[in-house]
Amino acid sequence: MADKPGILFVHPHPDDESIACGGTIALALDAGHPVTILTCTGGEAGENLGGIELGGLTLAQVRALELASSLEILGGPEHEWLGYRDSGMAETPDNEHADCFHVADLDQAAAQVADLIRRWRPAVVVSDDEHGTYGHPDHIKANAVTRRAVELAADPTWGVGGPWQVKRRFHHALGKRRMLQGHNRLIEEGLASPFGDQPFDDPDRMPFGADDEAITTVIDVSSVLDRKRQAIHAHASQLSPDSFFLNIPLDAEAEFFGVEEFVLVEGEASQDIASSLLAGL
């Protein structure tokens with residue numbers, strides 16, 4: 001029996017994998033598909049929002065341990081670090097650090113990822129979109145590096161090891177209409193929303209997110225929602241007591257986290273791609 005096609009997920013920081021794609025990762029692993037997570041930075045510029053005891057470790061060391069626990073909960077995908085420093089938000093000192101991902105040479109970073117693609121030979125690659133989902137410099141850079149790496153990996157004149165053509169490249173997405181529904185649900189429940197304290201009806205008022213018409217794939221992850229929740233909670237240093245992820249009503253979790261959305265940006269669609277990244281491969 002031929003090997004099952006695999007997926008490479010490229011994420012800028014520890015915790016991005018669980019928040020954005022945790023359910024899809026768990027489902028793919030449960031179905032026997034090879035899954036690899038590439039984490040581009042150590043999350044050094046984050047804060048200890050959870051106020052946890054670091055035990056003499058640096059925040060980056062703690063976040064690495066949290067990531068290991070999170071990935072084990074999701075089912076134990078392969079994992080590798082790209083090795084750059086967290087860039088922090090735009091116009092902060094971390095964003096100018098000489099070792100940060102944001103200022104890294106694009107082709108040098110992409111060459112590392114292309115080598116990994118040739119080694120792992122995934123059928124599908126997933127990353128942020130060109131806007132970095134919500135505008136974080138590392139998320140934007142992860143998109144650019146992934147796009148270039150897929151090109152390099154397929155180029156027979158580049159590098160060593162033989163070319164590898166990824167079949168499909170996706171952006172993980174947050175549909176504006178679903179975010180709007182979530183925002184209004186929080187307001188109705190008397191809870192804080194990241195998008196203000198008033199309900200509204202127009203999805204285009206959302207400060208970020210994908211147009212719903214652009215979303216090609218919606219994956220129902222409700223069957224592994226408990227594991228996704230546990231994987232997110234494993235990143236305890238990143239969850240403040242008032243965190244959205246800790247305070248969402250249990251009966252609303254499926255509405256917020258029970259599906260994961262993606263946009264196909266390279267490769268051919270198939271009849272079942274509306275509900276699967278790997279349909280027809």
**Asked** Which of (1) exposed (fewer than 15 other Cβ atoms within 10 Å of the Cβ); (2) assigned to a helix (DSSP H, G or I) does Ala20 not meet, given it meets every other one?
**Response** (1)
**Message:** Just to check your reading of the model, which residue among Ala149, Ala142, Ala153 is part of a helix (DSSP H, G or I) and in contact with a Ser or Thr (Cβ under 6 Å, 6 or more places away or on another chain)?
**Reply:** Ala142
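Only one residue in Val150, Val145 is more than 18 Å from Ala20 (Cβ to Cβ), among the aliphatic types (A, V, I, L, M) and out of contact with any Cys (no Cβ under 7 Å at 6 or more places or on another chain), so which one is that? Walk me through how you get there before you give the answer.
Working: Val145 fails: more than 18 Å from Ala20 (Cβ to Cβ).
The match here is Val150.
If I ask for residues that are in contact (Cβ under 8 Å) with a residue 24 or more places away in the chain, touching a His at 6+ places or on another chain (Cβ under 8 Å) and in a helix (DSSP H, G or I), which ones from region 99-127 would you list? Outline the logic, then answer.
First pass over region 99-127, keeping only residues in contact (Cβ under 8 Å) with a residue 24 or more places away in the chain: 100-102, 104, 106-107, 109-127.
In the following step, the residues that additionally are touching a His at 6+ places or on another chain (Cβ under 8 Å) were identified as 126-127.
Across region 99-127, there are no qualifying residues.
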**Prompt:** With respect to the numbered conditions (1) surrounded by fewer than 21 Cβ atoms within 10 Å (Cβ to Cβ); (2) among the aromatic types (Phe, Trp, Tyr); (3) under 26 Å from Ala210 (Cβ atoms), which one is the sole condition not fulfilled by Phe101?
**Reply:** (1)
**Item:** Options Thr216, Thr157: the member that is closer than 22 Å to Ala26 by Cβ and among the polar types (S, T, N, Q)
**Value:** Thr216
**Request:** Looking only at region 143-156, decide whether some residue is at positive phi and touching a residue at least 40 places away in the same chain (Cβ under 8 Å).
**Result:** no
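Specify which of the listed residues (Phe262, Phe200, Phe256, Phe208) is in contact (Cβ under 8 Å) with a residue 24 or more places away in the chain and out of contact with any Phe, Trp or Tyr (no Cβ under 8 Å at 6 or more places or on another chain). I'd like the intermediate steps shown before the answer.
Working: Phe262 fails: out of contact with any Phe, Trp or Tyr (no Cβ under 8 Å at 6 or more places or on another chain); Phe200 fails: in contact (Cβ under 8 Å) with a residue 24 or more places away in the chain; Phe208 fails: out of contact with any Phe, Trp or Tyr (no Cβ under 8 Å at 6 or more places or on another chain).
None of the other options fit; the residue is Phe256.
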**Message:** Could you check region 212-250 and list, in sequence order, the residues that are more than 16 Å from the chain's Cα centre (by Cα) and among the hydroxyl-bearing types (Ser, Thr, Tyr)?
**Reply:** Thr216, Ser222, Ser223, Ser237, Ser240, Ser243
**Prompt:** Do we find a residue being β-branched (Val, Ile, Thr), within 19 Å of Asp251 (Cα to Cα) and surrounded by 14 or more Cβ atoms within 10 Å (Cβ to Cβ) anywhere in region 175-190?
**Reply:** yes
**Message:** Condition first: more than 25 Å from Ser240 (Cβ to Cβ) and crowded, with 24+ Cβ neighbours inside 10 Å. Now tell me which residues in region 28-60 satisfy that.
**Reply:** Ala28, Val35, Leu38
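I'd like the full set of residues that are without any contact (Cβ under 8 Å) to a residue 60 or more places away in the chain and more than 19 Å from Val221 (Cβ to Cβ), limited to region 157-182. If you could, list the steps in order and put the result at the bottom.
Let us first name the residues in region 157-182 that are without any contact (Cβ under 8 Å) to a residue 60 or more places away in the chain, namely 157-165, 176-177, 179-180.
Correct list: Thr157, Trp158, Gly159, Val160, Gly161, Gly162, Pro163, Trp164, Gln165, Lys176, Leu180.
FYI, it's all coordinate maths here, none of it is from the lab. All values derive from a computational prediction rather than experimental measurement. Glycine also receives a Cβ, built like all others from the backbone with ideal geometry; neighbour counts cover every protein chain displayed.
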